[in-house]
Amino acid sequence: MSVASSARIRAKQRPGDRIFSTTAVVAGGLIVATLGAVALFLIIQSLPALPATRDEASILRTNFWEYVGPLIFGTVWAALLALVMALPLSLGIALFITHYAPRRLAAVLGYIVDLLAAVPSVVFGLWGIGVLAPAVQPLYQWLNANLGWIPLFAGEVSGTGRTILTAAIVLAVMILPIMTAINREIFLQTPTLHEEAALALGATRWEMIRMAVLPFGAPGILSAGVLGLGRALGETMAVAMVLSATGGISFRLLTSENPSTIAANIALSFPEAFATNINVLIATGLILFIVTFAVNAIARWIIGRRKEFSGAN
């Protein structure tokens, strides 16, 4: 074999190609560098808080880990409640837009969903305080009276309605638009031949959706859920405004004893923090950073393990 035939043939790169490839590499590197810089800052600033006690930081009752434990619970608990409420609704809305609604109505609903994603969190917080909390009071009373034997609905109902369940409902409304938009785009990408084949075999519209659309969109549904969960974990102002937090760990949804979340606690406590208290709050931010990173890593692991999700890799 001659040297000429064995030599690797390379396509001639134009200046535009080199500029584009360089820009893409730099942009990707900036993302990694920014993430690393944030993580490094959080770690450095958190080191004084990890061994701290009440004598060193007045915000602590005993030590850092007993302080951050209830906050982790409240963050994950509120986010999971929001996800449980928002995911089925987002699937239903996305399926209605893509497979049931007339074309003109579907276009209008799509625009409305996209606009809802741009509403500031402060507006959702004001809506939660002024409209939602008073409106759910009768429902909470009914749940407590009829389903009080379930631990989630037991206890004395809050007189203000500003409970962890109300905060979770606000979070569900906030993450609903972005989850619906992702699910809608995924369902629109379902191969038409798959849908027509299912209908040709005698399947109803729902059976076609169950056999062709949902399996094809499974990776996108998981991605939408993870993205919504990530936003719910890190939401600050709406939760800080709506939730009347008392601290501690409690699974009860209707009482005035509510755990706080990490992001809301930082927003409410940081203006008055000083000295080591600032490091404590930054350390709780590091914990939130780790939790969010772990959630995304687990989701990617699930996608990589399941064969039907292989197309998402």
Practice item. Please work out how much length the chain gains when fully extended from residue 189 to residue 58, using 0.36 nm per residue of separation minus the C-alpha to C-alpha distance, in nm with one decimal. Key: 41.7 nm
Point to revise | Separation between Cα centres of region 215-291 and region 168-184, rounded to whole Å | key: 17
Review point. Which of the helices in the chain meet the span-like rule: DSSP H, Cα axial reach of 24 Å or more, Kyte-Doolittle mean at least 0.0?
Key: 15-46, 64-95, 164-188, 214-234, 276-305
Practice item. Estimate the FRET efficiency between residue 131 and residue 14 by the formula 1/(1 + (r/R0)^6), using the beta-carbon distance for r and 41 Å for R0, to the nearest 0.05. Key: 0.10
Check your understanding: Which percent of the Cα-Cα distances in region 146-207 go past 18 Å?
Key -> 64
Check your understanding: Which entry is the computed semi-axes √(5λ) of the Cα gyration tensor in Å for this structure: [x] 38, 19, 18; [y] 40, 33, 17; [z] 44, 26, 20?
Key -> [y]
Revision key, fill the gap. Placing one equal point scatterer on each C-alpha of region 68-205 and summing with Debye, one gets log10 I(q)/I(0) at q = 0.09, 0.17, 0.20 Å⁻¹ equal to -0.40, -1.00, -1.19
Check your understanding: Using 0.36 nm per residue, how much length does the chain from residue 156 to residue 199 gain when fully extended, once their Cα-Cα distance is taken away?
Key -> 10.2 nm
Practice item. Arrange the peptides 135-146, 27-38 so that the one whose residues have, on average, the most other Cβ atoms within 10 Å appears first. Key: 135-146, 27-38
Revision key, fill the gap. So for R0 = 22 Å, FRET eff. of residue 27-residue 301 from the Cβ-Cβ r, to 0.05, ends up at 0.25
Revision key, fill the gap. Relative contact order of the chain (C-alpha contacts under 8 Å, at least 6 apart) in percent is 27
Study note, to complete from the structure: When the chain is treated as a Gaussian network with springs between alpha carbons less than 10 Å apart, the largest mean-square fluctuation among 200, 224, 297 is found at 200
Revision key, fill the gap. Residue-normalised 222 nm signal for the chain, counting each DSSP H run of n ≥ 4 as -39,500 (n - 2.57), nearest 500 deg cm²/dmol, is -21500 deg cm²/dmol
Check your understanding: What is the spin-label model distance, in nm, from residue 214 to residue 80 if the labels are put 7 Å beyond Cα along the C-beta direction?
Key -> 2.3
Point to revise | Selection from 253, 64, 80, by position along the positive dipole direction of the chain (Cβ) | key: 80
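Every read-out reported here was derived from the displayed coordinates using simple, explicitly stated rules and does not represent laboratory data. The model shown is predicted, which means the values in this text are computed figures rather than measured ones. Every residue, glycine as well, gets a Cβ built from its backbone with ideal geometry; the counts of neighbours run over all protein chains shown.
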